[in-house]
């Protein structure tokens with residue numbers, strides 16, 4: 001895959017990720033108990049905590065949208081997203097081990113984190129490759 005075709009793919013993926021995160025975040029803000037109901041878990045006492053989490057997820061979406069217009073300019077935003085994709089599942093796994101959270105909740109990590117990880121890695125590969133190309137041209 002050429003650098004240009006990879007960049008085109010990444011732009012599209014970041015736009016899809018932006019829409020996905022904004023939709024997911026909005027759903028969590030508006031329906032903070034939905035996740036618990038879907039997984040047949042007891043609702044938490046303070047649903048505003050989930051609404052706050054939804055707001056943060058929506059903000060990731062805004063960041064991905066910004067990145068999609070100038071991918072080379074905002075690697076810091078991609079690093080923040082990547083860390084969320086890695087640390088989120090680690091936190092989930094720790095919670096499963098220490099609290100007995102059911103494994104069936106893993107689907108949240110599959111759709112929110114794991115499916116996006118290859119594209120984040122591809123972004124870092126592309127950025128490194130194209131940065132080398134730019135430094136050779138100078």
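The values are calculated or read from the model by the stated rules, or taken from the named source; none is laboratory data. Computed from a predicted model, the values in this text were never measured in an experiment. Glycine gets a Cβ as well: all are built from the backbone with ideal geometry, and neighbour counts include every protein chain shown.
Can we say residue 65 is surrounded by 15 or more Cβ atoms within 10 Å (Cβ to Cβ) and in contact (Cβ under 8 Å) with a residue 60 or more places away in the chain? No: the conditions fail for residue 65.
If you go through region 37-62 and keep only what is buried (at least 16 other Cβ atoms within 10 Å of the Cβ) and under 26 Å from residue 7 (Cβ atoms), you end up with 57, 58, 60, 61. Of the helices (runs of 4 or more DSSP H) entirely within region 1-77, those holding at least 2 residues that are under 15 Å from the mean Cα position of the chain (by Cα) and modelled with pLDDT of 95 or more occupy 3-30, 48-69. State whether one or more residues within region 95-116 are in contact with a helix residue (DSSP H, G or I) (Cβ under 7 Å, 6 or more places away or on another chain), free of Cβ contacts under 8 Å to residues at least 12 places away in the same chain and either surrounded by fewer than 11 Cβ atoms within 10 Å (Cβ to Cβ) or under 15 Å from residue 17 (Cβ atoms) (or both). Yes; the residues of region 95-116 include at least one that is in contact with a helix residue (DSSP H, G or I) (Cβ under 7 Å, 6 or more places away or on another chain), free of Cβ contacts under 8 Å to residues at least 12 places away in the same chain and either surrounded by fewer than 11 Cβ atoms within 10 Å (Cβ to Cβ) or under 15 Å from residue 17 (Cβ atoms) (or both).
With respect to the stated conditions, residue 59 is under 30 Å from residue 131 (Cβ atoms) and without any contact (Cβ under 8 Å) to a residue 60 or more places away in the chain.
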